[in-house]
Amino acid sequence: KAKSLGKDQYQIFAPAMHQDAYQRLQIETDLRKAIIQQEFVLYYQPIIELITGKIIGVEALIRWQHPTHGLINPGKFIPIAEETGLILKLGYWTLKQACYQLHLWQKNNIVDPSFSISVNLSAYQFAQSNLLEQIDEILTATQITPESLKLEITETAIMENFAAAAQVIENIRQRGIQLSIDDFGTGYSSLSYLHSFPVDNLKIDRSFIQHLHEKSDNLGLVNAIVQIAKTMNMHIIAEGIETNNQLEQLKLLNCQFGQGYLFSEPLNPEKLTKFILDISEFQLNS
Ligand code: C2E
Ligand code: MG
Ligand code: MG
Ligand code: MG
């Protein structure tokens, strides 16, 4: 059956594939311009203490405000930025912009001193020799304390270069900066490395939270992760909470923190500011 359709399919798919490669090349060209012309923006997603509903911080998530294609999500351009090495410039900008935004929120009394900013680091940035110098420079320039910065890396980034990662992690934590493992459970999922380098937070990947209600497998797994985290003094953050059912399950499992569309999508700085002010007003009134 497939064979008889083969010729037509080829004719249908060839232009599409060509278009795909063309689009990629164009993204790469546009990315270089975009960095110079500063077309990137950071959105911020609230991270919530599940029991109290308090916003304890935000995660910075990059978007590209493309002059003709509109707002582009990181999944579309971060991989290309990594392949081309542009990720180092982009990562530096992101870190600085996020810290500066926190500085502004602190200065304007929008947030209290315990409010934190989480920034995603690419594996390439993590392997970069001057990462720590950049971090120090940015902390000094933006006047935020190391304790209010959380850096998110994936298990893969750590495992790719175990020895170097151990060194970087130690240096980051010595400064008082917190470290979070992002998308936990999707990578090596080996808890053994956590003994070699303790981290502060584990972010359980959205895929485990998604089926928390139907699949008891995931219930057991999330429960185990929470228990282990507790004995190792790590905080757990559940990613991608979308329903009240998921929230209730997570509370029952004693998961402390979470983020997801149930609370809020990632928002631009103005909307995030409004969100924080509305929520605290709501808490005062209730
Ligand atoms: P991540 O760090 O795991 O971020 C969480 C992603 O899940 C975000 O997608 C967020 O918008 C999305 N999300 C949050 N809550 C929900 C929910 O309830 N349901 C669903 N379906 N999705 C939810 P986003 O912003 O598209 O970012 C995707 C990934 O791109 C991030 O995953 C991160 O790995 C990467 N990324 C984003 N910003 C940066 C950055 O500044 N630097 C680097 N290196 N990577 C970044
Ligand atoms: Mg993240
Ligand atoms: Mg994640
Ligand atoms: Mg991710």
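The values are calculated or read from the model by the stated rules, or taken from the named source; none is laboratory data. Note that this is a predicted model, so its numbers are computed, not measured. Quick reminder, even Gly has a Cβ in these numbers, built from the backbone with ideal geometry, and neighbours come from all protein chains shown. Remember, those area values only see protein heavy atoms, side chains included, never the ligands or the DNA or RNA. Shrake-Rupley method; radii C 1.70, N 1.55, O 1.52, S 1.80 Å.
Figures for the structure shown
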{"quantity": "Cα-centred dipole magnitude for the range 51-200, charges only on beta-carbon of K, R (+1) and D, E (-1), debye, nearest 20", "calculated": "440 debye"}
{"quantity": "Residue-by-residue Karplus 3J(HN,Hα) for the range 99-109, coefficients 6.51, -1.76, 1.60, Hz, glycine and proline x", "calculated": "5, 5, 4, 4, 4, 4, 5, 5, 4, 8, 6"}
{"quantity": "About the Cα centre, charge dipole magnitude for the chain (Lys/Arg +1, Asp/Glu -1 at Cβ), debye", "calculated": "400 debye"}
{"quantity": "Placed amide H near E152: partners under 5 Å, 5+ positions off or other chain", "calculated": "V119, N120, L121, S180"}
{"quantity": "Accessible surface of the chain, 1.4 Å probe, proportion on carbon and sulfur as whole %", "calculated": "53 percent"}
{"quantity": "Normalised convex hull volume, the range 225-283, alpha-carbon set, Å³ per residue", "calculated": "104 Å³"}
{"quantity": "Relative contact order, percent, the range 89-143 [alpha-carbon distance under 8 Å, six or more residues apart]", "calculated": "52 percent"}
{"quantity": "Dipole of the range 213-281 [Lys/Arg +1, Asp/Glu -1 at C-beta], most positive-end residue of C255, M234, G220", "calculated": "M234"}
{"quantity": "Long-range HN-HN contacts of S116 with modeled amide H, under 5 Å", "calculated": "G57, V58"}
{"quantity": "Residue-normalised accessible area of the range 65-135, expressed per residue, 1.4 Å probe, Å²", "calculated": "48 Å²"}
{"quantity": "Furthest towards positive pole of dipole, Q167, S192, F208, structure part the range 166-224, Cβ charges", "calculated": "Q167"}
{"quantity": "Prolate/oblate/rounded call for the range 84-238, Cα gyration tensor, a/c under 1.5 rounded", "calculated": "prolate"}
{"quantity": "Gain on full stretching of the segment that runs from N245 to L191 - 0.36 nm per residue minus C-alpha separation", "calculated": "16.7 nm"}
{"quantity": "Magnitude of the charge dipole, the range 142-230, Cβ model with Lys/Arg +1 and Asp/Glu -1, debye to 20", "calculated": "200 debye"}
{"quantity": "For the chain, share of DSSP beta bridges that run antiparallel, in % to the nearest 5", "calculated": "40 percent"}
{"quantity": "Kirkwood Rh in Å, taken over all unlike Cα pairs in the range 192-232", "calculated": "11.2 Å"}
{"quantity": "Placed amide H near K54: partners under 5 Å, 5+ positions off or other chain", "calculated": "E49"}
{"quantity": "Ratio Rg/Rh [Cα only; Rh per Kirkwood] for the chain", "calculated": "1.00"}
